[in-house]
Amino acid sequence: MDTLLLHLHPSTSSSMAKRLCHSSTSQNPKTKLNPSMDDLLETLLNMADSPSFSIDVSFARLLDSTPGDADQSLLIDRAIKLGSLLLQSAKHSARKRASHHNSVAWALPPDLTIKVFSMLDTQSLCYAAATCSMFNKCAMDPLCYANIDLRTVVPKVNNAVVSTMIHRAGKSLQSLKLGVVPGPTASPWSCQSLVYTIRNSVDVSSFSWNDKKTRQGKESFILTRSCLNPLSGESGAAGSRLRRLHLYNIERMDNASLCIALSACPSLLDLEIVGLHVELRQTLMSVSMSCPLIERLFFESSKTGRDDSLKSPTCVDFVNNCPHLTSLALRGFKLPDYKIRILLKGFRKLKYVDFSTSYSITGTFLRNLGTGTGGNLLEVLILRDCMHLKEVEVARFLTAVLAGDFKFLRHLDISNREGLASEGDWYERCFSSRIIPLKEVLEERPKICLLAEFPSEGSFIDIEQMVDSEFPSEISLPSQLNSHTSDGSLLMSSSESSYNSDQGSGNEEGQDSGYVIFEESSDEVDFWLFK
């Protein structure tokens, strides 16, 4: 053993590095390239069964036989280096053998393995890639990252992770979902919508996109406005074939960043935006200019009822530039009826519409909607918890359904936790309407799923009583009703009113539901005059 350890000595190590002559190895191809090294390593490995005490004693004797202190330090360093090299070689060989075993035992060839991996969700793909080197190699194929889903319940994905995934996908990227989803993922296509009440904002299914503020806390900035920059990098290669983009509660995303991202996605078909602090007008302008093929738009406001940025020219441009739209959801925005009518009459292929929790909607846009082009192909119409939706307009709409309009309609939701607004004053709520022909519609059109859920009249707090008992007389009622503290209590503030101008009819237009504009801003009036 002492003789074997002697090879660690500096004076003898140089002699071990001599190359064998060509003649000695060319005669037998199976001859070891360095037999002395192989034999020495084999002997050294056989020492693994020796008692550790004997190895310690031998190494100590070798160390004592070395005269200089510097040589002793060098000898110790050589021993440590040798042990490290042996450990690395052993691990490498173990991985190589395991990979070979997996390649033999795994029944699928690499191309089919990549196909299977491409069907996995992003998290499962990462787990598979960490299993072995063979799976890791297959998991690096761009096809495996065609559909990236990085939605999380708590913030734990940063910009670097997003960038890595997008670069791995390259031109194969087809779907990208990012952000914080605070709770079980609920499909926006379902009839379960956000529920907005005068006193609080909650959801009947115990799920609310807007509940993000209390759950994300200070960690919400983990994804910043630059998280989508890789889409426009490398001349927009990654975003050029993107078909689906879903963004949830990325609080630092702004209008400019979203506009740049959309400009890199000319093939986008499906856009879903929830809880981002971006304006409706700017977003629709970006979609109109950059995404002419879009078929589905789902946009939920981060501040219910406060975004009234949408202008009539923007609606017209959106209709003209995106003619393939079949599904439109604008939830929680301040949308007058005539602007909605521009959209519904303009999109000839529209089948799915959701304006849940939107303000200013009285329902006058529904008049004559089923006649002519635009609106007559509707299959799903959701007007859940629209504060100003009038009972009389709903009755007129269902009467039109009975008369044979909206032949393709299969789902209608007019539920409201505060009841429908009366004809004269939206403060007066209707809970069990006698003029709405619900029963007749269900008998005439039994295949329609008609949701008309209203609270009992006794469960509704009288608004006038609330005003007399809880609020100072100088504060306007709408601003009180729209402002909430974090615990759901009413906050008496007039600065955050979102519908002060909507008292009475709840709309900016008159009784006509057509394209006539009575109280629009001057720039839009000029637009219609010179159109």
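The values are calculated or read from the model by the stated rules, or taken from the named source; none is laboratory data. Please read all numbers here as calculations on a predicted model, not as lab measurements. All Cβ positions, glycine included, derive from the backbone under ideal geometry; neighbour counts span all protein chains shown. Heavy atoms of the whole protein, side chains included, go into the accessibility calculation; ligands, DNA and RNA do not. Shrake-Rupley method; radii C 1.70, N 1.55, O 1.52, S 1.80 Å.
Is the stretch 83-102 home to any residue that is within 16 Å of residue 134 (Cβ to Cβ) and either of a type in the set (A, V, I, L, M) or touching a residue at least 60 places away in the same chain (Cβ under 8 Å) (or both)? So far as the stretch 83-102 goes, yes, one or more of its residues are within 16 Å of residue 134 (Cβ to Cβ) and either of a type in the set (A, V, I, L, M) or touching a residue at least 60 places away in the same chain (Cβ under 8 Å) (or both). Of all the residues in the stretch 100-140, those that are surrounded by 17 or more Cβ atoms within 10 Å (Cβ to Cβ) and β-branched (Val, Ile, Thr) number 3. Evaluated against (1) open to solvent by less than 20 Å² (accessible area, probe 1.4 Å); (2) under 15 Å from residue 329 (Cα atoms); (3) in a helix (DSSP H, G or I), residue 272 falls short on exactly one condition, (3). Taken together, the criteria exclude residue 69 from residues that are under 22 Å from residue 41 (Cβ atoms), open to solvent by 60 Å² or more (accessible area, probe 1.4 Å) and modelled with pLDDT of 80 or more.
I want to confirm something. Restricting to the stretch 238-256 and keeping residues that are open to solvent by 20 Å² or more (accessible area, probe 1.4 Å) and out of contact with any His (no Cβ under 9 Å at 6 or more places or on another chain), which single residue is nearest to residue 284 (Cα to Cα)? In this case the residue turns out to be 256.
For (1) touching a residue at least 60 places away in the same chain (Cβ under 8 Å); (2) among the β-branched types (Val, Ile, Thr); (3) exposed (fewer than 15 other Cβ atoms within 10 Å of the Cβ); (4) touching a strand residue (DSSP E or B) at 6+ places or on another chain (Cβ under 9 Å), each residue gets a yes or a no:
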position: 388; (1), (2), (3), (4): yes, no, no, yes
position: 409; (1), (2), (3), (4): no, no, no, yes
position: 412; (1), (2), (3), (4): no, no, no, yes
position: 420; (1), (2), (3), (4): no, no, no, yes
position: 434; (1), (2), (3), (4): no, no, yes, no
position: 437; (1), (2), (3), (4): no, no, no, no
position: 449; (1), (2), (3), (4): yes, no, yes, yes
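Could you say whether any residue in the stretch 51-61 is modelled with pLDDT under 85, in contact with a helix residue (DSSP H, G or I) (Cβ under 8 Å, 6 or more places away or on another chain) and of a type in the set (A, V, I, L, M, F, W, C)? The answer is yes, given that some residue of the stretch 51-61 is modelled with pLDDT under 85, in contact with a helix residue (DSSP H, G or I) (Cβ under 8 Å, 6 or more places away or on another chain) and of a type in the set (A, V, I, L, M, F, W, C). Taken together, the criteria exclude residue 376 from residues that are at pLDDT 90 or above and either assigned to a loop (DSSP other than H, G, I, E, B) or in contact with a Gly (Cβ under 6 Å, 6 or more places away or on another chain) (or both). Would you confirm whether any residue within the stretch 188-207 is assigned to a loop (DSSP other than H, G, I, E, B), at pLDDT below 70, within 16 Å of the chain's Cα centre (by Cα) and surrounded by 19 or more Cβ atoms within 10 Å (Cβ to Cβ)? Checked against the condition, which is being assigned to a loop (DSSP other than H, G, I, E, B), at pLDDT below 70, within 16 Å of the chain's Cα centre (by Cα) and surrounded by 19 or more Cβ atoms within 10 Å (Cβ to Cβ), the stretch 188-207 yields at least one hit.
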